[in-house]
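Below is one structure, written out as structure tokens; the observations come after it.
The values are calculated or read from the model by the stated rules, or taken from the named source; none is laboratory data. Computed from a predicted model, the values in this text were never measured in an experiment. Cβ placement follows ideal geometry from the backbone for every residue including glycine, while neighbour counts extend to all protein chains displayed.
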């Protein structure tokens, strides 16, 4: 027995507005094994845009971190006097 799809009214989790999950969209989702959307198309696009923005920000942070040189030297213990061997943590551009 073939599966039939009909337009279905749903409520967006984000904006709480009602939207129609069209039968052609349902077929597309079903063929690819996706579950039904819980957000309207506008909110889905906004969420996708936000994820991309966060990913770009994260990649910029990684790139910046790759350009930082970290120097760490540990002291011999609390009894030692202050010498160049004492803890020295510095961040300097590479």
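A compact table of results
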| item | result |
| --- | --- |
| Segment 12-27, residues that are over 20 Å from the mean Cα position of the chain (by Cα) and surrounded by 13 or more Cβ atoms within 10 Å (Cβ to Cβ) | 12, 15, 19, 21, 22, 23, 25, 26, 27 |
| Residues located in segment 31-41, provided they are assigned to a helix (DSSP H, G or I) and farther than 19 Å from residue 12 by Cβ | 31, 32 |
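To keep it simple, each residue is scored yes or no on (1) in a strand (DSSP E or B); (2) modelled with pLDDT of 95 or more; (3) exposed (fewer than 10 other Cβ atoms within 10 Å of the Cβ).
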position	(1), (2), (3)
29	no, no, no
43	no, yes, no
53	no, no, no
63	no, no, yes
72	yes, no, yes
79	no, no, yes
85	no, no, no
